[in-house]
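Read through the structure below, which is laid out as structure tokens, and then see the notes.
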Amino acid sequence: MDDHCHTAEVYRSFFSVARQLKRLAHQSAAEAGLTVHQLDILRLIRTVPGLTQKEVTERLRMPKSRVSLHIDALVEKEFAVREISPQDRRETLLHLTPAGGALCEQYDREDLSRKALAGALRQFSHDEIERLLTMHERLLNEL
């Protein structure tokens, strides 16, 4: 098989896997009553409480206006709160509410994309998974 065929085959493979995982992630998020992006924001502020909206935008590489809309929805649904920063009153810090924390925990247990991937990876040895991750990292570095 020539390089062009390998490239096309690897390209299709990556997108097929990503598409399936994305479909399952969207399904799980919808079952939780949120979007994938809203869940990403919740999970990020669970991991790093007190982030500013700007920091969330930078870490998730999302447009500022979209992050703002998603955070507004999370605050409205009482999964997150905005608090004025004691160091800079112009900044607001984001924190999870108890309901937001519980939702994150539930999502982590029930996320179809992670469950499906975990199940699929069981057929591979630890060494195979490590090689796969190494190859992905090398590919990403070259891209």
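Each row is one residue, and each column tells you yes or no for (1) over 15 Å from the mean Cα position of the chain (by Cα); (2) more than 25 Å from residue 139 (Cα to Cα).
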{"site": "9", "(1), (2)": "yes, no"}
{"site": "19", "(1), (2)": "no, no"}
{"site": "25", "(1), (2)": "no, no"}
{"site": "31", "(1), (2)": "yes, yes"}
{"site": "41", "(1), (2)": "no, yes"}
{"site": "45", "(1), (2)": "no, yes"}
{"site": "52", "(1), (2)": "yes, yes"}
{"site": "105", "(1), (2)": "no, yes"}
Exercise. Would you please name the residue that is surrounded by the fewest Cβ atoms within 10 Å (Cβ to Cβ), looking only at residues in the stretch 106-135 that are at pLDDT below 90 and out of contact with any Leu (no Cβ under 7 Å at 6 or more places or on another chain)?
Key: 109
Exercise. Go through the stretch 101-132 and give me each residue that's outside any helix (DSSP H, G or I) and out of contact with any Ser or Thr (no Cβ under 6 Å at 6 or more places or on another chain).
Key: 122, 123, 124, 125
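The values are calculated or read from the model by the stated rules, or taken from the named source; none is laboratory data. Quantities reported herein were computed from a predicted structural model and do not represent experimental measurements. Heads up, the Cβs are rebuilt from the backbone with ideal geometry, glycines too, and the neighbour counts pull from every protein chain shown.
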